[in-house]
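Reading through the structure tokens given below for one structure.
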Amino acid sequence: MLSRLLSLLVLLGMILSTSAARATTPGPYLELAGSGTWLADSENQSDTGHFNATYVGGLGGGVALGYDFVDLHPAIGKGRVELEFASRRGSVDTLDFAEGRLPASGDIKITSVMFNTIADYHDNSRLVPYVSFGFGYAEVAIDQISPMGVPFVAASKDGVFACQVGAGLGVELGNHLAVDLGYRYFGSERPKFKLVDGSSFEGQVGSHNVLLGLRYKF
Amino acid sequence: MKLTCTRLLVLFLLLVFAGCGGIDDPTRSIDFVPLRSIEITSQNAQVAAGTANRFTAIGHYGGSENYQFTRNITSQVTWVSSDPSVLSFSIDPASAGLATAGVAGTVQVAATMATIHGELLFTVSDAAITSLTIPAPASATLFAGLTLQLQATGKFSDGSSQDLTDNVTWRSSDATVATVTTTVPGAGLVKAVAPGAANITAASGNLSATQAITVSAVKLASIAVTSSAGSSTLAKGTTMQLIATGTYTDKSSNVITSGLTWAVSDLAIATIDQSSGIISGVGAGSATVTVKQGDITSPAFQVTVSTATLDKLAIAPTDAIIAVGKTKSLTATGTFSDSTTQEVTRDVVWISGNSTVATVSQSTGEQGTVKGIAAGTASITAGSSNIPTTRKSPVSTSVTVTVQ
């Protein structure tokens with residue numbers, strides 16, 4: 001077992017240390033990524049005051065179609081643009097009211113389509129740090145939430161404007177393939193949901209996402 | 001212009017931190033948990049015709065999984081007497097639950113909210129009042145600016161006694177020395193105005209009772225702030241009772257509970273309730289608290305709000321025995337991550353596992369008060385609410401109370 005692990009590490013080191021040509025030509029790419037999502041505590045505004053929610057993290061994933069400009073426009077810099085389709089999940093852990101905190105449950109799913117711009121920082125290394133910014137549209141859907149078994153939030157969904165910022169590290173494995181390890185903070189305008197009594201409230205969406213992806217450049 | 005790596009990194013960090021702001025404490029009540037039943041309590045077991053009585057409606061709320069709590073809903077229910085000639089309720093919203101006894105008889109008092117209904121059988125006697133007294137207060141000497149609640153007690157021809165504080169006519173012989181509240185609610189509250197002597201009289205028909213009040217010429221010399229817990233440190237998310245003690249020109253001292261103005265130097269660290277002097281830890285750090293009465297201000301009292309998180313809770317006593325209809329106060333003590341302990345009775349959520357045996361109050365000033373409803377045992381749970389904890393689930397503990 002140990003010898004196999006050592007062999008794999010040696011092989012990975014050889015790949016990363018080779019002086020084989022990096023990707024230097026502009027072109028389209030496809031990226032598939034999986035992510036871990038942690039939803040930030042939210043302050044939810046209803047007709048009779050606001051209640052807060054805490055969450056348990058979940059998993060997500062996405063696919064992006066983009067174009068790598070590389071050095072095509074040196075006046076702007078080295079970068080990429082992409083259209084990203086992603087989904088991220090979490091679940092409610094507790095709801096806080098004026099009298100105190102109640103355990104609660106119910107899933108939240110955020111599905112988004114985002115236009116991202118990414119600034120890559122190339123040098124002669126295979127490691128390519130980047131920062132990114134994106135904006136687009138997200139649909140936020142929630143299950144019925146029943147604190148202590150009493151229905152409170154009705155299953156509902158809303159579409160909102162969203163934006164995200166990120167940073168990460170690309171590891172180029174050759175001319176076409178790169179591994180992407182990144183962080184993204186995703187936020188949106190306040191979605192509107194329904195309570196079981198028919199009234200509505202404004203939620204709050206913010207999530208921290210760590211993603212691991214594989215990018216193939218054509 | 002090419003953006004440098006450093007500038008974009010700074011922009012990224014700013015955008016991330018902009019999305020990581022704090023959230024305010026919740027303001028919405030747990031109003032979606034259904035009302036299960038209404039319990040009616042009465043100021044007196046029975047009253048004489050021609051007097052008044054105050055009723056209180058306690059709402060018992062409950063969801064599934066044994067989450068139950070009580071709330072005073074006296075002003076939210078509709079009060080009805082089965083015979084208004086015997087007992088009739090005030091229609092003034094400020095006097096919700098106040099009823100006047102007309103003629104002798106027995107009535108069904110009902111309190112209704114939506115489809116939930118509570119009832120109490122109540123008797124109006126035809127006993128006649130034979131004497132009226134004002135029970136002597138612990139001290140009839142007041143310092144200017146302080147208040148004293150007097151009570152009027154009537155004895156009746158059937159041997160019963162009744163609190164008639166709201167039913168008599170109150171008067172002060174010298175309002176420049178001391179005044180007395182004559183309106184309900186709050187009747188019988190004496191306020192010391194200036195040095196001198198005054199007689200406070202309660203009258204009902206041909207009967208009257210008098211209490212002499214002396215307003216001392218002694219002046220307030222200084223005020224000091226102390227903590228009831230003996231410590232000036234509280235954990236974030238908890239509360240602490242501050243006490244204002246006045247020292248007078250004759251070297252005497254007295255705890256002052258009214259006519260005070262509290263001030264906190266940094267409301268981002270702590271806030272204080274003006275009427276009770278209870279301070280709440282909001283954010284980590286130190287702040288100073290002062291209290292003022294008239295033109296006398298206390299020295300600054302430093303309060304420290306710690307970032308200690310709650311590790312566990314304990315309730316005392318652990319084996320309470322309560323008689324049916326009686327109450328007993330439980331206290332909750334938290335042990336925190338810095339190894340300190342702090343009473344957190346006001347700060348936790350109290351839950352009864354069996355409200356048909358015992359209820360536990362969540363009302364302000366009565367948190368943790370258990371009332372025996374019927375013989376049996378009930379589990380009483382205290383759970384962390386807004387007290388920060390590093391544990392994934394709220395911290396809680398339970399004790400069993402026995403009702404006999």
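Coordinate-derived values only; no laboratory data. Computed from a prediction, not measured in an experiment: that's the story for all the values here. FYI the Cβ positions are ideal-geometry reconstructions off the backbone, even for glycines, and counts take in every protein chain you see.
Counted residue by residue at 0.36 nm each, then reduced by the alpha carbon distance between them, the extension gain from B:Thr331 to B:Asp250 reaches 25.4 nm. Provide the FRET efficiency to the nearest 0.05 for the B:Ala197-B:Ala268 pair, computing r from the beta carbons and using R0 = 35 Å. The value I calculate is 0.15.
Grab the other residues whose beta carbon is less than 13 angstrom from that of B:Asp24, score K and R as +1, D and E as -1, and report the net. The answer is -3.
Around the Cα centre of the protein assembly as shown, unit charges on the Cβ atoms of Lys, Arg, Asp and Glu (plus for the first two, minus for the last two) sum to a dipole of about 960 debye. Relative to the longest principal axis of the C-alpha atoms of chain A, give the angle of the C-alpha long axis of helix A:2-17, reported between 0 and 90° and rounded to the nearest 10°. Tilt relative to chain A: about 70 degrees. Taking a ≥ b ≥ c as the square roots of the eigenvalues of the alpha carbon gyration tensor, the protein assembly as shown is prolate, as a/c is not under 1.5 and a/b beats b/c. Candidates B:Thr340, B:Thr78, B:Pro195 compared by Cα position along the dipole of the protein assembly as shown: farthest toward the positive end lies B:Thr340, with charges placed on Cβ.
Approximating the spin labels as points 7 Å out from Cα along Cα→Cβ, the B:Ser208-to-B:Thr261 distance works out to 3.8 nm. In a reduced charge model with +1 at each Lys and Arg Cβ and -1 at each Asp and Glu Cβ, chain A shows a dipole moment near 720 debye about its Cα centre. Each of B:Thr297 and B:Ala136 was given a label point 7 Å from its Cα along the Cα-to-Cβ line. The distance between the two points is 4.2 nm.
Residues with beta-carbon under 13 Å from that of B:Ala178, excluding B:Ala178: net charge, scoring Lys, Arg +1 and Asp, Glu -1? Value of the local net charge: +1. Helix-only arithmetic for chain B: the sum of -39500 (n - 2.57) across DSSP H runs with n ≥ 4, divided by the residue total, places the mean residue ellipticity at 222 nm at -1000 deg cm²/dmol.
What percent do you get for the relative contact order of chain B when only Cα pairs under 8 Å and 6+ apart count? Reported relative contact order: 10 percent.
Take the Cβ atoms of A:Thr117 and B:Thr169, set R0 to 60 Å, and the FRET efficiency comes out at 0.15.
Here's the list of aspartates and glutamates a cross-link from A:Lys109 could span, going by alpha-carbon distance under 13 Å and ignoring same-chain residues fewer than 8 apart: A:Glu139, A:Asp143, A:Asp158. Residues B:Ile200, B:Ile296, ranked from the fewest to the most other C-beta atoms within 10 Å, line up as B:Ile296, B:Ile200. Stretching B:Thr181 away from B:Asp25 to a fully extended chain increases their span by 52.4 nm, per 0.36 nm per residue minus the current alpha-carbon distance.
DSSP beta bridges confined to the protein assembly as shown are antiparallel in about 95 percent of cases.
Compared with the dominant principal axis of the Cα atoms in chain B, helix B:5-18 is inclined by about 10°. Computed as a quarter of the hull surface, the mean projected area of the alpha carbon convex hull for the range B:310-403 stands at 5.5 nm².
Across peptide A:90-97, what mean number of C-beta atoms from other chains lies inside 10 Å of a residue's C-beta?
3
Of the residues A:Phe51, A:Ser156, A:Leu195, the one whose Cα sits farthest toward the positive end of the charge dipole of chain A, with +1 on the Cβ of Lys and Arg and -1 on the Cβ of Asp and Glu, is A:Ser156. When only Cα pairs below 8 angstrom with a gap of at least 6 residues are kept, chain A shows a relative contact order of 21 percent. The shape of chain A comes out prolate: with a ≥ b ≥ c from the C-alpha gyration tensor, a/c is at least 1.5 and a/b beats b/c. Remark on the range B:284-345: Rg and Dmax equal 17.9, 49 Å (Cα only). Dividing the Cα radius of gyration of chain B by its Kirkwood radius returns 1.05 for Rg/Rh.
Karplus-based coupling profile of the range B:200-206, in residue order and whole Hz: 9, 10, 10, 10, 9, x, 8, with θ = phi - 60° in 6.51 cos²θ - 1.76 cosθ + 1.60 and x standing for Gly or Pro.
Dividing the helix sum by the residues of chain A, where each DSSP H run of 4 or more adds -39500 (n - 2.57), gives a mean residue ellipticity at 222 nm of -2500 deg cm²/dmol.
Overall dimensions of the range B:129-216, expressed as equivalent-ellipsoid semi-axes from the Cα gyration tensor (√(5λ), whole Å, largest first), are 24, 12, 11. Positive-end ranking of B:Leu150, B:Val225, B:Ala178 along the dipole of the range B:142-247, with charges on Cβ about the Cα centre, is headed by B:Val225. Spin-label model, B:Ala221 to B:Arg36: label points 7 Å out along the Cα-to-beta-carbon direction sit 5.7 nm apart. Taking amide H as placed 1.01 Å from N in the peptide plane, B:Gly368 has its amide H under 5 Å from the amide H of B:Ser361, each at least 5 places away in sequence or on another chain. Net charge dipole, chain B: roughly 820 debye, given to the nearest 20, about the Cα centre with Cβ charges of +1 for Lys and Arg and -1 for Asp and Glu.
Decide, for the range B:35-125, between rounded, prolate and oblate: order the square roots of the alpha carbon gyration tensor eigenvalues as a ≥ b ≥ c, take rounded if a/c falls under 1.5, and otherwise choose prolate if a/b is larger than b/c, else oblate.
It is prolate, given that a/c is not under 1.5 and a/b is the larger ratio.
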